[in-house]
Amino acid sequence: MQKRTLNVLSTIIIIISAIVIIKSIVSIYKNKTSPSLFIQTEKPNNDPLTEIAFNEELRDAGDLSRDTIIYQNYTIRNIGNNPLIVYHVSPDCNCTDYDLSQRIALPGDSTIVRLTISTKGKQVGMFMLNTVIKVNTNKQFYRLRLIGNVTSGK
């Protein structure tokens, strides 16, 4: 009986380890094939700070049927005197992917964070998705929010 219990526990540990390894490999592969891999860097202390403005930080996608893919663009304008550097973009849901039009925006220029959101598997009802960006401003972190309502109809 003890030997069987030990075998079961060993099997469970091996399965959990395999899942963790597979998730790590998938994450590494996704980051290597992502066009924005270079964004996943930490802010060096010597980058000059700038100022930014958003057209909107909160978007309402309205009513969406299940199994819909939507795209939302968030424009970040560099209104400061130094180049804007986007260090990191981090959606809070695996249903959200992103593209960045450019990592560095010169003064007076803009960059666009394009979010791609899938409602596949989402529960019917209201939702809010957050995406955090890290940039070289005094505040450093900003939250882009998307709200909507998943309906059961098509």
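The values are calculated or read from the model by the stated rules, or taken from the named source; none is laboratory data. Quantities reported herein were computed from a predicted structural model and do not represent experimental measurements. Note: ideal-geometry Cβ built from the backbone for every residue, glycine included; neighbour counts use all protein chains shown. For the accessible areas, the whole protein counts, side chains as well, though only heavy atoms, and no ligand, DNA or RNA atoms are used. Shrake-Rupley method; radii C 1.70, N 1.55, O 1.52, S 1.80 Å.
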Kindly list the number of the only condition in (1) open to solvent by less than 30 Å² (accessible area, probe 1.4 Å); (2) under 18 Å from ASN73 (Cα atoms) that fails for VAL132.
(1)
Within segment 1-115, which strands (runs of 3 or more DSSP E) (wholly inside it) include 3 or more residues that are more than 30 Å from VAL150 (Cβ to Cβ) and at pLDDT 90 or above?
84-91
In the list LEU146, LEU64, which residue meets the criterion of being surrounded by 13 or more Cβ atoms within 10 Å (Cβ to Cβ) and in contact with a Ser or Thr (Cβ under 7 Å, 6 or more places away or on another chain)?
LEU64
Looking at (1) within 19 Å of ASP60 (Cα to Cα); (2) of a type outside the set (Gly, Ala, Ser); (3) surrounded by fewer than 18 Cβ atoms within 10 Å (Cβ to Cβ), which is the one condition that is false for PRO91?
(3)
Every residue from segment 104-120 that is under 18 Å from LEU49 (Cα atoms) and crowded, with 16+ Cβ neighbours inside 10 Å:
ALA105, SER110, THR111
